[in-house]
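What follows is calculated from the coordinates using simple rules that are stated; it is not laboratory data. None of the values given here were measured: they were computed from a predicted structure. Every residue, glycine among them, receives a Cβ derived from its backbone with ideal geometry; neighbour counts consider all protein chains shown.
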């Protein structure tokens, strides 16, 4: 059984002029346990919406998202939150670090929503990422590359079965981008976590054995507009 399985997944948003824009229309996509896959997607192709749907942050209009056989669409919001905390690690493009907390606190606070804070493991992760001497530094005291490493540690802190990464190297220079990618892939491999990473950077995509073009699996990637669809929220 696949770790992640999408079937007939659809998500639409209503534009300010009242028209309805279909952002996701994915007939099928699967990801195996421990598999590492890159997904190519240009700006506006629906990649962030897709990852947020897989993470249970937003709900699709229709279709199913099965994670280890559990359909997220059948869960309540609190159940989705609990499943995400226990099963999914998310590396956001903008890091989403808490500015008033140290690097170590950012990682341990993320653990609070899962099995509970483990300062020893959080410290170990940060040390592995070259931040052993920066545990008490706040994000503003860290370089962009160091902040990215904190985000990587936080995503892996609960030993997730699936790691989602949204343009995780987009704010880094080419050399540091490849270093961060190698660290992420290595740590996912060590912990047996599957990785789904979306990017438009060819140098990043070329380092993966399996690359999926989002435009080929998402029939709405060109931005189809329809009337009478079930919609909610704003496009992202």
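Would you mind calculating the gained length between residue 7 and residue 20 on full extension (0.36 nm times residue separation, minus the Cα-Cα distance), in nm to one decimal?
Additional length available on full extension: 2.5 nm.
Along the principal axes of its C-alpha atoms, what lengths does the chain span, in descending order and rounded to whole Å?
Ordered largest first, the chain gives principal extents of 55, 37, 37 Å.
Label points 7 Å out from Cα along the Cβ direction at residue 124 and residue 211: separation in nm?
3.5 nm
Before rounding to the nearest 500, sum -39500 (n - 2.57) across all DSSP H runs of length at least 4 in the chain and divide by the residue total; then give [θ] at 222 nm in deg cm²/dmol.
-9500 deg cm²/dmol
Test of understanding: in a Gaussian network model of the chain with alpha carbons linked when under 10 Å, which of 221, 15, 153 would top the mean-square fluctuation ranking?
Among 221, 15, 153, the largest GNM mean-square fluctuation belongs to 15.
Could you sort the peptides 166-172, 94-100, 42-48 by per-residue average Cβ neighbour count (10 Å cutoff), highest mean leading?
Per-residue mean Cβ counts within 10 Å order the peptides as 166-172, 42-48, 94-100.
Mind pulling the angle between the C-alpha long axis of helix 77-87 and the longest principal axis of the chain? Nearest 10 degrees, somewhere in 0 to 90.
Between the helix axis and the principal axis of the chain, the angle is about 50 degrees.
Build a GNM of the chain with springs between Cα atoms under 10 Å: which of 206, 71, 81 gets the top mean-square fluctuation?
Looking only at 206, 71, 81, the largest GNM fluctuation is found for 206.
Say we join alpha carbon atoms closer than 10 Å with springs in a Gaussian network model of the chain; which of 64, 12, 78 then has the biggest fluctuation?
Looking only at 64, 12, 78, the largest GNM fluctuation is found for 78.
Expected output is a single nm value to one decimal: the length gained when fully extending between residue 109 and residue 30, i.e. 0.36 nm times separation in residues minus the C-alpha distance. What is it?
Value of the extension gain: 25.4 nm.
When DSSP beta bridges are limited to those with both residues in the chain, what percentage is antiparallel, rounded to the nearest 5?
Within the chain, antiparallel bridges account for around 50 percent of the total.
Put a dot 7 Å past each Cα toward the Cβ at residue 186 and residue 58; how far apart are the dots in nm?
Output for this residue pair reads 3.5 nm.
At residue 43 and residue 74, where each label point lies 7 Å from the Cα along Cα→Cβ, what is the point-to-point distance in nanometres?
4.0 nm
Which angle from 0 to 90°, rounded to the nearest 10, does the C-alpha axis of helix 174-191 make with the longest principal axis of the chain?
So the helix axis and the longest Cα principal axis differ by about 90 degrees.
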